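The values are calculated or read from the model by the stated rules, or taken from the named source; none is laboratory data. Owing to the predicted nature of the structure, the values given are computational and were not obtained by experimental measurement. Here the Cβ positions follow ideal geometry from the backbone for every residue, glycine too, while neighbour counts run over all protein chains shown.
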Amino acid sequence: MNKPERRFIVNKLIHIGFGNIVNTDKIIAIVSPEAAPIKRLVQKAKETGQAIDATQGRKTKSVLVMENSQIVLSALLPETIAGRAQALWPEEEKEDSEEDAE
């Protein structure tokens, strides 16, 4: 008797500082918190309970906007998080994204 085939979806997880990890498939944007519109977005998310503070009391250096309208605050720079996320991409996708940027 044949067993049903099981497929596992492997989510790509990245470390965003202080033992906190997020799913890269759910990230829409990684932005700096310095701009006024982002500050308003963070404040609104805190008021509505949609903000996840992963800074461990440190200064917020990046804001991750997630698919489900939540935001994640991190103490790592956006460039650091983006670099970690890009390191998980297969080489084919890296080449495609570099060509699109040109």
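Taken over the stretch 30-61, the criterion of being touching a residue at least 12 places away in the same chain (Cβ under 8 Å) and surrounded by fewer than 12 Cβ atoms within 10 Å (Cβ to Cβ) is satisfied by GLN56, LYS59.
Condition check for TRP89 on (1) part of a loop (DSSP other than H, G, I, E, B); (2) of a type outside the set (A, V, I, L, M); (3) surrounded by 12 or more Cβ atoms within 10 Å (Cβ to Cβ); (4) at pLDDT 95 or above: one failure, at (4). Within the stretch 72-79, does at least one residue satisfy the condition of being free of Cβ contacts under 8 Å to residues at least 24 places away in the same chain, more than 19 Å from PRO37 (Cβ to Cβ) and of a type in the set (Gly, Ala, Ser)? Looking through the stretch 72-79, none of the residues is free of Cβ contacts under 8 Å to residues at least 24 places away in the same chain, more than 19 Å from PRO37 (Cβ to Cβ) and of a type in the set (Gly, Ala, Ser).
All told, VAL42 falls short of being part of a strand (DSSP E or B) and either modelled with pLDDT of 95 or more or touching a strand residue (DSSP E or B) at 6+ places or on another chain (Cβ under 7 Å) (or both).
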